[in-house]
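Comments concern the structure below.
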Ligand code: CA
């Protein structure tokens, strides 16, 4: 699996490259945001690690450009900016995960493994997280081998959370997957669906990240 590492801090980039290589990843390191489109085109990376404080273009702008080009490349943001606002902003602009510096290398590797698994997962119809099994083709969900009764919207929310297991989905990200832009969405609609899902599943499976959104643990 190839990782595009967009990081201008040379020492940090080398440390990351070493750790990721040890895990069997091939790392392509670029120092500037402007190099990202060409690097994606040339190397077709599976995952990107993106620093926000780059010498030329802000990382959030780089992220927006990737998403504008309809590229679904999973992106993990690595940054010294760590307010809730920064996190929500990056997630809303299409980041898949967010890790604040200084970070623990083991945590970064674990999160990259989650993204890697997700890249693998999207190639198949099945998403399995512990006792929870989803078939995205026939839209069925089983918990402990028992098929669940689930509405269309609940299915879409659960799919969004399972595909992003280990990462937070903001309410806005979930809404975008559920409704057309034209549809009026009641501000507590997602909460109602989540609450109904929690009645059907062990309560602890879907976690609320206060002020940010929801998540399901990766395993
Ligand atoms: Ca930097």
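A few points about this structure:
- Candidates 51, 104, 89, ranked by Gaussian network fluctuation over the chain, Cα under 10 Å, top entry: 104
- The gain in end-to-end length when the residue 103 to residue 137 segment is fully stretched comes to 8.5 nm, 0.36 nm per residue minus the alpha carbon separation.
- For residue 113 and residue 38, the difference between the fully extended length at 0.36 nm per residue and the C-alpha to C-alpha distance is 24.5 nm.
- Acute angle (nearest 10 degrees) that the helix 152-163 long axis makes with the longest principal axis of the chain, alpha-carbon atoms: 30 degrees
- Cα centroid separation, region 88-117 to region 123-166 (Å): 23 Å
- Nearest-ten-degree value, helix 189-200 long axis tilted from longest Cα axis of the chain: 70 degrees
- The slack in the chain from residue 71 to residue 203, taken as 0.36 nm per residue of separation less the alpha-carbon distance, amounts to 44.1 nm.
- When peptides 72-83, 154-165 are ranked by their average number of other Cβ atoms within 10 Å per residue, the highest-first order is 154-165, 72-83.
- Scattering curve values for the chain, log₁₀ I(q)/I(0), Debye with Cα scatterers, q = 0.14 Å⁻¹: -0.89
- Simple spin-label estimate for residue 179 and residue 195 in nanometres, 7 Å along Cα-Cβ: 1.7 nm
- Relative to the longest principal axis of the Cα atoms of the chain, the long axis of helix 10-22 lies at roughly 60 degrees.
Rule-based calculations on the coordinates, nothing more; no lab input. Model, not experiment: these values are computed from the prediction. We place every Cβ from the backbone using ideal geometry, glycine too, and count neighbours over all the protein chains shown.
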